Amino acid sequence: SSDVYSSELELDQVLRSIGSALRPDRRFGLGLTAGVSRIDLESGASNTWKSIGLDAFGQVGANTLAISVQHEVRATSDSRISLRLDHRLPGGSVYVTGAVTPSADFREEWSLAAGGVVDLGESTAAMLDVRHAKYATTSITAFQPSLRVSPIENLDLSGRAIVLVQEDEDVRVGATIRADYTLASGPALFAGAAVYPDTEAGITRQVRGVFGGVALPISDRLAVRLAGEYEKRRQSYTRKGVALGLSWRFDR
């Protein structure tokens with residue numbers, strides 16, 4: 001999704017999926033993702049959007065620093081740069097993240113966020129993310145509590161509530177659910193569904209969608225990730241997209 005808050009929130013789940021497919025002692029890594037989407041507008045017209053992203057992360061002690069650059073081409077194009085710092089604590093972790101989009105057309109001009117994860121037991125974790133984003137004509141603030149449980153070995157189930165407050169607008173709510181499962185042979189599968197408010201070009205609309213994919217280890221350093229997504233944006237468009245990613249982890 002192109003919404004302001006999904007990319008950083010997904011980072012933890014992406015790294016968990018890829019990390020389960022690779023050796024855990026790889027403390028630094030790079031990722032490259034390319035995607036294409038077919039867009040069917042409410043008016044009956046159609047279009048194709050393309051995107052490419054580059055990610056890099058490094059772990060030093062209890063800290064992980066990640067930088068992400070995402071470029072998306074529609075009728076216009078936006079390039080978004082984000083930086084995130086995670087810090088592990090006994091029984092959890094905290095993070096802060098910020099992003100800018102120079103000369104933004106449909107993404108936010110800038111955003112700031114902070115959150116954390118608290119382990120509630122061996123198989124349960126609670127999370128909270130709070131973020132603020134500024135567009136050319138409006139701003140939004142989003143509160144997102146979530147819960148992750150592992151009912152059986154190698155299976156994670158997570159649910160997230162989304163409360164979005166837009167400047168001079170009503171409060172909007174949504175939710176996402178997701179399942180991650182790691183096969184004994186190595187691949188990590190994920191799938192989920194969502195109904196949530198999303199902001200593009202300063203306009204917030206309700207979105208319904210489903211997604212799924214697999215992270216497949218090629219070696220103890222390299223993994224490939226394939227994902228597909230379908231979403232319908234109210235009074236706007238329907239999007240069908242696929243993305244292919246490569247992740248490379250290495251030692252210091």
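The values are calculated or read from the model by the stated rules, or taken from the named source; none is laboratory data. Owing to the predicted nature of the structure, the values given are computational and were not obtained by experimental measurement. All Cβ positions, even for glycine, are placed from backbone atoms using ideal geometry, and neighbour counts span all protein chains on display. These accessible areas exclude ligands, DNA and RNA; they are computed on the full protein's heavy atoms, side chains included. Shrake-Rupley method; radii C 1.70, N 1.55, O 1.52, S 1.80 Å.
Worth a mention:
- Candidate set: the range 205-238, residues that are of a type in the set (Val, Ile, Thr) and assigned to a strand (DSSP E or B); chosen: the one surrounded by the most Cβ atoms within 10 Å (Cβ to Cβ): VAL207
- Number of positions in the range 128-141 that are surrounded by fewer than 20 Cβ atoms within 10 Å (Cβ to Cβ) and of a type in the set (A, V, I, L, M): 3
- Put simply, of SER43, SER82, SER68 the only residue that is open to solvent by 70 Å² or more (accessible area, probe 1.4 Å) and either within 23 Å of GLY228 (Cα to Cα) or not basic (Lys, Arg) (or both) is SER43.
- Only residues that are surrounded by 15 or more Cβ atoms within 10 Å (Cβ to Cβ), assigned to a strand (DSSP E or B), touching a Lys or Arg at 6+ places or on another chain (Cβ under 9 Å) and not small (Gly, Ala, Ser) were counted across the range 97-121, and they come to 4.
- Residue check for ILE152: part of a loop (DSSP other than H, G, I, E, B), among the aliphatic types (A, V, I, L, M) and out of contact with any His (no Cβ under 7 Å at 6 or more places or on another chain): yes
- Residue that is most open to solvent (accessible area, probe 1.4 Å) [pool: residues in the range 142-159 that are more than 20 Å from ALA194 (Cβ to Cβ) and of a type outside the set (Ser, Thr, Tyr)]: GLU153
- Check on VAL163, more than 19 Å from the chain's Cα centre (by Cα) and either over 14 Å from PRO197 (Cα atoms) or hydrophobic (A, V, I, L, M, F, W, C) (or both): no
- Residue in the range 46-53 that is at pLDDT below 90, open to solvent by 50 Å² or more (accessible area, probe 1.4 Å) and either touching a Pro at 6+ places or on another chain (Cβ under 9 Å) or among the hydrophobic types (A, V, I, L, M, F, W, C) (or both) present: no
- Exactly one residue out of GLY202, GLY192 is of a type in the set (Gly, Ala, Ser) and either open to solvent by 50 Å² or more (accessible area, probe 1.4 Å) or touching a Lys or Arg at 6+ places or on another chain (Cβ under 9 Å) (or both), and it is GLY192.
- In the range 33-86, the residues that are over 26 Å from GLU109 (Cβ atoms) and either outside any strand (DSSP E or B) or of a type outside the set (Val, Ile, Thr) (or both): ARG38, ASP40, GLU42, SER43, GLY44, ALA45, SER46, GLY58, GLN59, GLY61, ALA62, ASN63
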